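Here the structure comes first, spelled out in structure tokens, and everything after it is commentary.
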Amino acid sequence: MIKMQQFWYDFSSMFYRNYIYAVKKPLYILFNLSTPLIWLLLFGQILAPISSIPDFGQSGADYLLFFAPGVVVMTTLYASGWSGMALLEDIQSGVIEKIISTPSSRSAVILGNLSYSAAMSVVQALVIVLISVLIGASGNLTTVSVLAIILFGYLISVAISSFSYILALLTRKTVSFVTVLNLTLLPLIMLSSAMMPIRLLPKWIQFIAAVNPMEWYVQVVRQVWMTGSGVTELFVPMGLIALLAVGGVLICAFIFNRTLNNDWR
């Protein structure tokens, strides 16, 4: 019982510490939202003629409705993908070294950080959902739809944040971290159906999309957004997202602990 209380205290302390940091720097969150908003408001109009392509499956007036779930996925990806930068700053400034010199649970430290990163990703994604509804892309969103977007958005964010933290732990260098992310994040979106129906993409992209976690989340968001339900038809992508989240946390915790057991600096 005492260990659980200590774990929860350490977990909530790390979560709250990150929350306070975000409150003090609200412009950072607004900056994170700027790119998805540009895609939604600008590219949603520029790319609207794509819907006139035969077999697109959406009318010209509905391209925004098709595209909005993709922007939600993009928001989730970028918000959680860059979350490792905060851990990298803590490593370089010596904060992590000071934290682990205390009796704090190492698992609680990393899980508290991951939980916060995922929560903030979901909040930003919900802002995009709200803006999409306000500009006419409400689709058939229901309470169940929004809950599904929140739940699986949280899980995919945990997975992506885990791998972002792993990258930060392995590189320890800002330049290396940023370079790898820039070479990874955008292709993950482009190699999915975020912007174009999967059946209209080249065969080789369809093959890659089948194993692309962002495509799994696109399927979930678009299905519940457009139909208001359909969760029971998405067991495969939802199961894959859950497995990826669990696997990401376990790998991240393992590498974090191994790193601490070696020469930390």
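Accessible surface comparison of 88, 240, probe 1.4 Å, protein chains only, largest first: the order is 240, 88.
Given a 1.4 Å probe, how much area per residue of region 168-237 is accessible, in Å²?
51 Å²
Say R0 is 41 Å: what FRET efficiency, to the nearest 0.05, do residue 97 and residue 146 get from their beta-carbon distance?
0.50
Can you sort 109, 180 by solvent-accessible area, 1.4 Å probe, largest first?
Details: 109 5, 180 60 Å².
Reading off the accessible areas and sorting them downward yields 180, 109.
Rolling a 1.4 Å probe over the heavy atoms of the protein chains gives region 54-132 an accessible area of 33 Å² per residue.
Roughly how compact is region 107-160, stated as its Cα Rg over 2.2 N^0.38 Å to two decimals?
Numbers: Rg = 13.0 Å, N = 54, 2.2 N^0.38 = 10.0 Å.
For region 107-160, the normalised Cα radius of gyration is 1.30.
Among the DSSP helices (H) of the chain, those spanning at least 15 angstrom by Cα along their long axis with an average Kyte-Doolittle hydropathy of -0.5 or more are 2-24, 26-38, 63-81, 106-134, 143-171, 213-227, 235-261; this is a geometric and hydropathy rule only.
Restricting attention to region 1-43, which chymotrypsin sites (Phe, Trp or Tyr not before Pro) occupy a DSSP loop and are surrounded by at most 16 other Cβ atoms within 10 Å?
On the way: sites: 7, 8, 9, 11, 15, 16, 19, 21, 28, 31, 39, 43; in loops: none.
Listed in order of number, the matching sites amount to none.
Accessible area per residue (1.4 Å probe, heavy atoms of protein chains only) ranks 178, 23, 158 as 23, 178, 158, with the largest value leading. Protein heavy-atom surface of region 8-91, 1.4 angstrom probe: 71% of the accessible area is carbon and sulfur, with nucleic acids and ligands not counted. Residue 89 sits with roughly 80 Å² accessible to a 1.4 Å probe, with DNA, RNA and ligands left out of the calculation. The percentage of C-alpha pairs in the chain whose separation is greater than 22 Å is 57%. Dipole size of the chain about its Cα centre, with +1 on Lys/Arg Cβ and -1 on Asp/Glu Cβ: approximately 540 debye, rounded to the nearest 20.
Taking 7 Å steps out from each Cα toward its Cβ at residue 135 and residue 24 produces label points 3.4 nm apart. Using heavy atoms of the protein chains and a probe of 1.4 Å, the accessible area assigned to residue 172 is about 60 Å².
The values are calculated or read from the model by the stated rules, or taken from the named source; none is laboratory data. If you're wondering where the values come from, they're calculated on a predicted model, not measured in any experiment. Cβ sites come from the backbone with ideal geometry, for glycine too, and all protein chains shown count toward neighbours. Accessible surface areas use protein heavy atoms only, side chains included; no ligands, DNA or RNA. Shrake-Rupley method; radii C 1.70, N 1.55, O 1.52, S 1.80 Å.
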